[in-house]
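What follows is a single structure, written as structure tokens, with notes after it.
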Amino acid sequence: MIAVAALKLWISALAPASVDLQNMTGMLNPTFPNSPWIILEQQLFVLWKLLTASTLTEPTKWWLIPPNKITPDLLLLSLLFRLPALVADILVSVGLYLVTMKVTCSAELSRFSSLVWFLNPYTLFAAELLGVPDVAVALLTVLALLFLNFKRILPASISLAVAIGLKLYPLLLIPVIVLYIREVKMRWSCTLLIILSGIIGTVGYLSWLYPYSVAILSLDYTPVSQPLNLFTISFAPGQIGLISVTLLVLVVVYLSLWEFVHVAELTLTIIITLLAYYLFSSPYPQYFIWVVPFLTLDVVYIRRERALLLTLMMVFLLSMWFIVSYGFAVPSGYTLLYPIIGNSVSTEQIVDFTSSAITKTLLLPLLNAGLYATILIYTLDITLRNFFGIGKK
């Protein structure tokens, strides 16, 4: 763990600024939402100026400078901007250790769950190198799961409310948490607290999003907000209204879980909910970090045989992401892979490969189909084996 953390620190300092980090650190842009994550990044920039006595008003120089010419003070800036994501990454490992220990009472399995998460190369790209708040929200949902396993409903509700306030997607988990409360026969006041946490979190999320035009940001991606049109009612010109397929599927999933699932296994119902969301929407690759902690728990102590499916899913996801991002190209003209490949492969060669006709027309559709196929198989395997006992030894 220490060795991998040191490697991630080194890569975080040396990797060039991603597009997401450039957008988040464009602090003088008045149209960008001033989310809690942006405020944190602003304070880290202030800290960097104090430590280096720099007179920079915004980190434009760091955005564009080639990584092979970066100065020590800008290395520190790169590390500071990515430090919150790295800390959240490490804390997710701790949270997974504690959840596994609570469920299995096995120190060996608990350590294994931490390692499976922390050694997953996907988390490096989705957490540290992008520096987006999704990993912090994943941490808060893992904490909510931990508190729920201890039947500590108040801290679970607080953790969930903060997660929703930071990025809206944990709101999707409210129905399955209510189902869990029913199965473990908690008091009705526990259900009320969870629902209240969803309301408070949503109000908190909209409170910082609203001044920056919900109409625009609900449709477009930003590193700190989430498109809402994928699971809300949408209106098209000349039509009264269309319910999005994603919303309809999620409602069917909730009703099916409520009717047919009578197992107090919150990890699996969270996985099914999030994978159903991915299957019937077009999520950005970094959004998969929402479900990876729970997939990790699944392959560690619920069904080890699904590890192959998880591995295939990660391979398809990283490969597809590599292509759609043109080899993790960044504004400085380099790639996020620079600390690993150095100058052995030029960015132009990577972009030429990812933008070639055969890659776009053949390889990318195959990878995309493979990703969605593994998601579907994983979802069906959980549903049939764990909830209906089909094929279970």
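The values are calculated or read from the model by the stated rules, or taken from the named source; none is laboratory data. These figures come from a predicted structure and were not determined experimentally. Cβ atoms come from the backbone with ideal geometry, glycine included; neighbour counts cover every protein chain shown.
Just so you know, in the range 296-321 the residues that are touching a residue at least 60 places away in the same chain (Cβ under 8 Å) and within 22 Å of Glu128 (Cβ to Cβ) include one that is surrounded by the most Cβ atoms within 10 Å (Cβ to Cβ), and it is Thr296. For the range 255-302, a residue qualifies if it is part of a loop (DSSP other than H, G, I, E, B) and touching a Lys or Arg at 6+ places or on another chain (Cβ under 7 Å), but none of them does. Within the range 350-361, is even one residue surrounded by 14 or more Cβ atoms within 10 Å (Cβ to Cβ), at pLDDT 90 or above, assigned to a helix (DSSP H, G or I) and under 21 Å from the mean Cα position of the chain (by Cα)? No: the range 350-361 contains no residue that is surrounded by 14 or more Cβ atoms within 10 Å (Cβ to Cβ), at pLDDT 90 or above, assigned to a helix (DSSP H, G or I) and under 21 Å from the mean Cα position of the chain (by Cα). Being in contact with a Phe, Trp or Tyr (Cβ under 9 Å, 6 or more places away or on another chain), over 21 Å from Pro16 (Cα atoms) and either surrounded by fewer than 24 Cβ atoms within 10 Å (Cβ to Cβ) or without any contact (Cβ under 8 Å) to a residue 12 or more places away in the chain (or both) is the filter here, so list the residues in the range 113-129 that pass it. Passing the criteria: only Ser114.
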